[in-house]
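All remarks here apply to the structure that follows.
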Amino acid sequence: METLQTAAIDLANLLQDQSAGMLDPARAVTLLERAWNDKVPIAAYELGQVYEIGLPMVAAGVDPKLQADLAKAWSWYQKGADLGEPNALAWFAERDENNAPRREQFHEKELAITSSLHSLRSCRQARAR
């Protein structure tokens, strides 16, 4: 059964590749969803990719439900990550790393806070006189 599931994922990837000459985005999604229902964790990652990028020929009006949809993509990535799928976990790690505050941002905030405190002290000292 595992070989059949892997073949379904491979076929779904071919069905999304225009250069393979077998373009059928709707069937690709169906195969991936079926693989997910058969408990194949990589299917969640692949579906996340489908919805993050969108599928070929959507712009030509083939199937608007296959357009890029980041909320749906991250929902699929989350499902894969919940099952320990390594690609989905890596995708989350990369996103978290890209969204993490940089050291310079902390320094900028520290300077702003210090400046505000200095201004507050100056105002208090001026009132006290």
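Any read-out appearing in this document is the output of simple, stated calculations on the displayed coordinates, not a laboratory observation. This structure is a prediction, so every number in the text was calculated from the model and none was measured. With ideal geometry, Cβ positions are generated from the backbone for all residues, glycine too; neighbour counts draw on all protein chains shown.
What FRET efficiency comes out for Leu83 versus Glu33 if R0 is 22 angstrom and r is the Cβ-Cβ distance? Round to the nearest 0.05. Display every interim value, and only then the final one.
Details: r = 15 Å, r/R0 = 0.69.
In this case the efficiency is close to 0.90.
Could you grab the relative contact order for segment 1-44? Cα pairs under 8 Å, six or more apart, rounded to a whole percent.
Working: 39 pairs, mean separation 15.1, N = 44.
Rounded, it is 34 percent for segment 1-44.
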